[in-house]
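Enquirer: If you scroll down you'll find the structure; I have some questions about it.
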Amino acid sequence: MIETVCFDNEAVVILDQSKLPDEVAFRPCHTPEEVAEAICSMKVRGAPLIGVVAAFGLALGMRRFNGSAAELYDYFYSIKEMLASTRPTAVNLFWALQRMEKLYLQHRQEPAHVLGDLLLNEAEKMRQEDIAINQAMGENGQALLSPGARVMTICNAGTLATCGYGTALGVVRSAARRNKIDMVWVCETRPVLQGARLTVWELMQDNIPVTLITDSMAGYTMQLGRVDAIIVGADRIAANGDTANKIGTFPLAVLAHYHQIPFYVAAPLSTVDLSLPDGKAIVIEERHQDEVRRCSHGYVTVPEVEVFNPAFDVTPQHLISAIITEGGIITAPFAEGLKRLKEGR
């Protein structure tokens with residue numbers, strides 16, 4: 001299994017995904033600021049992984065604190081807010097930081113070095129939990145696939161987006177272990193090419209059959225009758241089941257609906273945000289225009305052209321066949337099932 005994050009020698013060590021697939025490079029982040037930069041620049045990406053990396057960054061900051069006890073409270077919240085500002089759409093980031101904040105408030109009378117140890121242990125616990133959650137999700141989701149399944153996915157919702165095993169690709173992995181997977185169609189995922197760069201590499205590492213297509217080829221591939229199911233990850237799921245995921249997911253759902261192909265979302269319950277009634281309330285991150293203007297090292301268009309570059313879109317719940325979680329598979333009406341599982345009932 002690929003290790004995407006760990007804490008070693010007083011640094012948060014990340015697998016630098018901006019280097020893949022050309023180079024497998026691990027980068028130590030020695031300060032919370034370096035952790036925040038790694039998240040902003042997508043050296044680490046994927047909702048579950050972002051949350052855990054931010055938790056490690058918060059623990060790192062507390063372990064580096066050398067001020068007075070009176071300064072500790074403001075210092076903690078300055079780091080928390082800096083990390084929270086890195087990516088606005090993925091709810092796992094805020095879930096992880098709130099979990100760390102709760103632990104901090106329970107033990108805030110302790111010295112900084114004790115708090116640092118407690119927070120580090122909590123971040124490591126979250127890392128281990130994420131792997132177990134993904135494995136449970138994979139086992140739940142593989143039951144939806146029949147032998148010989150040809151699955152389509154977009155972006156990267158695998159080990160590289162998590163602490164291990166993956167969400168959408170976790171389902172694929174569990175199905176592949178039962179010899180159910182005939183092919184995985186991977187959309188390249190413009191403009192940052194997470195599908196082409198990351199998902200293809202990851203599936204080939206596991207010897208799972210994979211074919212790369214451009215995003216615009218997805219509909220024709222479905223029309224040819226070569227797709228049995230679509231499985232995607234999620235960055236935030238509203239209370240009614242509306243799901244934010246990488247830009248290009250919504251068109252896949254529309255195409256799947258037209259071709260009567262099941263469309264599945266695989267995500268941990270930490271991705272469910274019951275505070276938002278529907279997808280209209282989800283904040284969609286917009287990224288730098290050069291992500292669209294450029295490809296590799298050169299411009300593919302007029303450098304001055306205006307660009308609209310939303311990083312995510314929202315798939316309405318009525319286009320989703322089922323939501324796969326570690327707690328089970330949820331079907332419509334999603335609001336009832338999401339609330340029940342999120343609240344542990």
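Read the figures in this text as sums done on the coordinates, not as results from a lab. Since we're looking at a predicted model, the values are computed, not measured. Virtual Cβ from ideal backbone geometry, glycine too; neighbours counted across all protein chains shown.
Enquirer: Just need the relative contact order of segment 171-326 here, percent rounded to a whole number, with Cα pairs under 8 Å and 6+ apart. List each step's numbers first, then the result.
Expert: Values: 250 pairs, mean separation 36.7, N = 156.
The normalised contact order for segment 171-326 reaches 24 percent.
Enquirer: Taking amide H positions as placed in the peptide plane 1.01 Å from N, state which residues far from Arg287 in sequence (5 or more) or on other chains have amide H under 5 Å from it.
Expert: Excluding prolines and chain starts, which carry no amide H, the hits are Asn309, Ala311.
Enquirer: Taking the Cα centre of the chain as origin and charging only Cβ (+1 Lys, Arg; -1 Asp, Glu), how large is the dipole, in debye to the nearest 20? Can you show the working numbers first?
Expert: Values: 31 positive and 40 negative charges, 168 e Å.
My answer is approximately 800 debye.
Enquirer: With a cut-off of 14 Å, note down the residues of segment 52-81 whose backbone N falls inside the zone around a label point 7 Å from the Cα of His113 toward its beta carbon.
Expert: Those under the cut-off are 63-67.
Enquirer: With the contact rule set at Cα under 8 Å and sequence spacing of 6 or more, what percent relative contact order holds for the chain? Working shown, then result.
Expert: Values: 702 pairs, mean separation 54.3, N = 345.
Worked out over the chain, it gives 16 percent.
Enquirer: With springs connecting C-alpha atoms under 10 Å apart, model the chain as a Gaussian network and identify which of Cys155, Cys187, Cys29 has the largest mean-square fluctuation.
Expert: In this elastic network of the chain, the residue with the biggest mean-square fluctuation among Cys155, Cys187, Cys29 is Cys29.
Enquirer: Spin-label point model (7 Å from Cα, Cβ direction): what's the Asp74 to His288 distance in nm?
Expert: 3.2 nm
Enquirer: Going by Cα centres, segment 11-31 and segment 248-264 are how many Å apart?
Expert: 34 Å
Enquirer: Add +1 for every Lys or Arg and -1 for every Asp or Glu among the other residues with Cβ under 14 Å from the Cβ of Pro251, and state the total. Write down the numbers at each step before the final one.
Expert: Values: positive: Arg190, Lys246; negative: Glu188, Asp215, Asp313.
Local charge sum for Pro251: -1.
Enquirer: Let me ask something additional. Would you kindly derive the ³J(HN,Hα) couplings of segment 2-16 from the backbone phi angles with the Karplus curve 6.51 cos²θ - 1.76 cosθ + 1.60 (θ = phi - 60°), listing them in order in whole Hz, with x for Gly and Pro?
Expert: The phi angles translate into 6, 8, 9, 7, 7, 10, 8, 6, 6, 8, 8, 9, 10, 7, 6 Hz.
Enquirer: Taking the Cα centre of segment 1-139 as the origin, how large is its charge dipole in debye, to the nearest 20, when only Lys and Arg (+1) and Asp and Glu (-1) carry charge on their Cβ atoms?
Expert: Dipole size: approximately 260 debye.
Enquirer: OK, next. How do the peptides 138-150, 158-170, 289-301 rank, highest first, by the average count of neighbouring beta carbon atoms within 10 Å per residue? Before the final figure, lay out each step's value.
Expert: Numbers: 138-150: 18.0, 158-170: 28.9, 289-301: 12.4.
For the peptides 138-150, 158-170, 289-301, the packing ranking is 158-170, 138-150, 289-301.
Enquirer: With a ≥ b ≥ c taken as the square roots of the eigenvalues of the C-alpha gyration tensor of segment 138-257, please select rounded if a/c is under 1.5 and otherwise prolate if a/b is larger than b/c or oblate if it is not?
Expert: Values: a/c = 1.20, a/b = 1.10, b/c = 1.09.
It is rounded, given that a/c, with a ≥ b ≥ c, falls under 1.5.
Enquirer: Given points 7 Å out from each Cα along the Cα-Cβ axis, report the Val302 to His259 separation in nanometres with one decimal.
Expert: According to this spin-label approximation, the distance is 3.6 nm.
Enquirer: Sorted by average packing, counted as other Cβ atoms within 10 angstrom per residue and highest first, what order do 109-115, 74-80 take?
Expert: Details: 109-115: 14.1, 74-80: 17.4.
Packing order, densest peptide first, comes out as 74-80, 109-115.
Enquirer: Separation of segment 151-215 and segment 44-94 by C-alpha centroid, Å?
Expert: 29 Å
Enquirer: If you add up the charges near Ala47, with Lys and Arg at +1 and Asp and Glu at -1, over every other residue whose beta carbon is less than 9 angstrom from its beta carbon, what do you get?
Expert: Working: positive: Arg45, Arg87, Arg236; negative: Asp235.
Residues near Ala47 contribute +2 overall.
Enquirer: Which whole-Hz couplings ³J(HN,Hα) result when phi for each residue of segment 18-23 is put into the Karplus expression 6.51 cos²θ - 1.76 cosθ + 1.60, θ = phi - 60°, listed in order with x for Gly and Pro?
Expert: Each residue of segment 18-23 in turn: 5, 8, 6, x, 5, 8 Hz.
Enquirer: Counting alpha carbon pairs within less than 8 Å and at least 6 residues apart, what relative contact order, in whole percent, applies to segment 5-134?
Expert: Numbers: 166 pairs, mean separation 32.2, N = 130.
25 percent.
Enquirer: Compute a Gaussian network model of the chain, connecting alpha carbons closer than 10 Å, and tell me which residue from Leu49, Leu118, Leu97 fluctuates the most.
Expert: Leu118
Enquirer: Using a Gaussian network model of the chain with C-alpha springs under 10 Å, which one of Thr243, Thr89, Thr214 is most mobile by mean-square fluctuation?
Expert: Thr214
Enquirer: Something else now. I need the shape label for segment 161-224. Rule: rounded when a/c is under 1.5, else prolate if a/b > b/c, else oblate, with a, b, c from the alpha carbon gyration tensor. Could the numbers behind the result be given before it?
Expert: On the way: a/c = 2.13, a/b = 1.26, b/c = 1.68.
Verdict is oblate for segment 161-224.
Enquirer: Now for a separate question. Would segment 197-325 count as rounded, prolate or oblate if I go by the C-alpha gyration tensor, calling it rounded below 1.5 in a/c and otherwise prolate when a/b exceeds b/c, oblate otherwise?
Expert: Working: a/c = 1.66, a/b = 1.14, b/c = 1.45.
Oblate shape, in that a/c is at least 1.5 and b/c is the bigger or equal ratio.
Enquirer: Here's a follow-up. Would you mind putting 191-197, 244-250 in packing order, based on average other-beta-carbon counts within 10 Å, highest first? Show your work: numbers first, answer last.
Expert: Numbers: 191-197: 22.3, 244-250: 24.9.
Answer by packing, highest mean first, reads 244-250, 191-197.
Enquirer: Could you derive backbone 3J(HN,Hα) for segment 302-315 from the dihedral phi with the Karplus parameters 6.51, -1.76 and 1.60 (θ = phi - 60°), listing whole Hz in sequence and x where the residue is Gly or Pro?
Expert: Each residue of segment 302-315 in turn: 5, x, 8, 5, 6, 10, 9, 10, x, 7, 9, 9, 10, 9 Hz.
Enquirer: Now for a separate question. What does the charge add up to near Ile261, with Lys and Arg as +1, Asp and Glu as -1, over the other residues with Cβ less than 14 Å from its Cβ? Can you show the working numbers first?
Expert: Details: positive: Arg150, Arg226; negative: Asp228.
It works out to a net charge of +1.
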